[in-house]
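The values are calculated or read from the model by the stated rules, or taken from the named source; none is laboratory data. Worth saying up front: this structure is predicted, and the values here are computed from it rather than measured. Using ideal geometry, Cβ is built from the backbone for each residue, glycine included, and neighbour counts are taken over all protein chains shown. SASA here: full protein model, heavy atoms, side chains in, ligands and nucleic acids out. Shrake-Rupley method; radii C 1.70, N 1.55, O 1.52, S 1.80 Å.
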Amino acid sequence: MKIKDVTSALECFAPLPLQEDYDNAGLQVGLTEAEVSGVLLCLDVTEDIIREAEEKGCNMIVAHHPLIFRKLRHVTTEDYVQRCIISAIKKDITIVAMHTNLDSVKGGVNNMIARKLGLTNVEMLEARSLCGTEAGTGTIGSTAQPLTAEEFINKIKTTFHASCVMTNEPLQRQIKTVAICGGSGAFALQKAIEAGADAFLTGEMHYHEYFGTEQKIQIAVIGHYESEQFTIELLEEIINSRCPGVKTHTAKTNTNPIHYH
């Protein structure tokens, strides 16, 4: 099977037109006519990730976050993005990103987060149809049983291996309905409130976005990497089901740039 076949399978699941205008998902670096020797799955592409791909005999990297996100004026060695491009080309490694298109599609990143939390009756927080594909913003679902704010926060810490959880004032009613928007999902907070969610889980929020939410909804912010870490499992499921025989490897390199002390 060729690299282009794997790329097509991924884009069939999460079409590129679903990505946000600011995004740059899809083929990043390399050629697609080569036969796949193996696929390394990761959240971010770094120099260590490219070395790991080479060590594992993978000539394809599929990441969640695009390596090339901002416009490049040249390709030198001045930053890690440019060094990764040079290294990937030299080693004949193709890099593909599945970013906001995978966030938006039904059954995508936010659905995986809901699965990990064990939510039921999961649906899009705000659904829409684009290019004949079901897509939308975030997900919303029900917990197996009502939880106190403390129980909910502890469950999140355990499930996502989170060193800490940033929250607003603890909710004094029980939590049954949970809205989710992985990564930088603060833009979906108001939608979660309007949908009647008891809690909102995301990866990042700004300081002032917490104000005015007291006892309306329980906010739980666990970190960008922590919220999206299971995207690797989702990518593996897609490739294994649609490209049988292609070897996939979960990256052992932890690319989270944020450390907690």
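Could you check what % of the DSSP bridge pairs in the range 133-217 are antiparallel, to the nearest 5?
The answer is about 55 percent antiparallel.
Filter the GluC sites (Glu not before Pro) in the range 1-106 down to the DSSP loop ones having no more than 13 other Cβ atoms within 10 Å, then list what survives.
Glu20, Glu33, Glu78
Before I look further, what does the range 93-144 give for accessible area per residue, probe 1.4 Å, in whole square angstrom?
With all protein chains present, the range 93-144 gives 36 Å² per residue.
Select from Ile219, Gly196, Pro66 the residue farthest towards the positive end of the dipole of the chain; place +1 on Cβ of Lys and Arg, -1 on Cβ of Asp and Glu, and compute about the Cα centre.
Farthest towards the positive end: Pro66.
Can you compute the radius of gyration and Dmax for the range 1-89, using only the Cα atoms, both in Å?
13.1, 36
Calculate the radius of gyration of the Cα atoms of the chain to one decimal place, then report Dmax, the largest Cα-Cα distance, as a whole number, both in Å.
Taking only Cα atoms of the chain, I get Rg and Dmax of 18.9, 57 Å.
What Kirkwood radius, in Å to one decimal, follows from the Cα pairs of the range 210-252?
Working: mean 1/r = 0.0749 Å⁻¹.
Evaluated over the range 210-252, this radius sits at 13.4 Å.
At 1.4 Å probe size, with the rest of the protein present, what percent of the exposed accessible area of the range 1-47 is carbon and sulfur atoms?
50
Within 10 Å, at most 11 other Cβ atoms, and a DSSP state outside H, G, I, E, B define an exposed site. Report the longest part of the chain free of exposed chymotrypsin sites (Phe, Trp or Tyr not before Pro).
No qualifying site falls inside 23-210, the longest such stretch.
For the range 128-261, with all protein chains present and a 1.4 Å probe, just round the carbon and sulfur fraction of the accessible area to a whole percent.
Roughly 52 percent of what the probe reaches on the range 128-261 is carbon or sulfur.
Would you calculate, for the chain, the mean residue ellipticity at 222 nm contributed by helices, counting each DSSP H stretch of 4 or more residues as -39,500 (n - 2.57) and dividing by all residues, to the nearest 500?
-8500 deg cm²/dmol
If the only charges are +1 at each Lys and Arg Cβ and -1 at each Asp and Glu Cβ, what is the size of the charge dipole of the chain around the Cα centre, to the nearest 20 debye?
On the way: 23 positive and 33 negative charges, 54 e Å.
With only Lys, Arg, Asp and Glu charged at Cβ, the dipole is about 260 debye.
Of the listed pairs Lys2/Lys116; Lys155/Lys176; Lys56/Lys157; Lys2/Lys252; Lys2/Lys91, which have alpha-carbon separations greater than 20 Å here?
Where the Cα-Cα span goes over 20 Å, the pairs concerned are Lys2/Lys116; Lys56/Lys157; Lys2/Lys252.
Tell me, what is the per residue accessible area of the range 1-71 in Å², probe radius 1.4 Å?
On a per-residue basis, the range 1-71 sits at 46 Å².
How much area per residue is accessible in the range 183-230 when the probe is 1.4 Å and only protein heavy atoms are counted (Å²)?
Values: 1980 Å² over 48 residues.
Accessible area per residue, the range 183-230: 41 Å².
Return an integer: the convex hull volume of the alpha-carbon atoms of the range 1-151, in Å³ per residue.
It is 155 Å³ per residue.
Apply the Karplus parameterisation 6.51 cos²θ - 1.76 cosθ + 1.60, with θ equal to phi minus 60°, to every residue of the range 239-253 and state each ³J(HN,Hα) to the nearest whole Hz, in sequence, with x for glycine and proline.
So the Karplus estimates, Gly and Pro as x, are 5, 5, 7, 9, 10, x, x, 7, 7, 10, 10, 7, 4, 8, 6 Hz.
How far is the Cα center of the range 222-261 from the Cα center of the range 57-96, in Å?
Cα centroid to Cα centroid, the span is 18 Å.
Pull up all non-local amide H partners of Ile219: gap of 5 or more, or a different chain, and H-to-H distance under 5 Å with H placed in the peptide plane.
Those qualifying (amide H under 5 Å, at least 5 residues apart or on another chain) are Asn168, Phe200.
Using a Gaussian network model of the chain with C-alpha springs under 10 Å, which one of Thr148, Thr120, Thr158 is most mobile by mean-square fluctuation?
Of Thr148, Thr120, Thr158, the most mobile in the Gaussian network model is Thr158.
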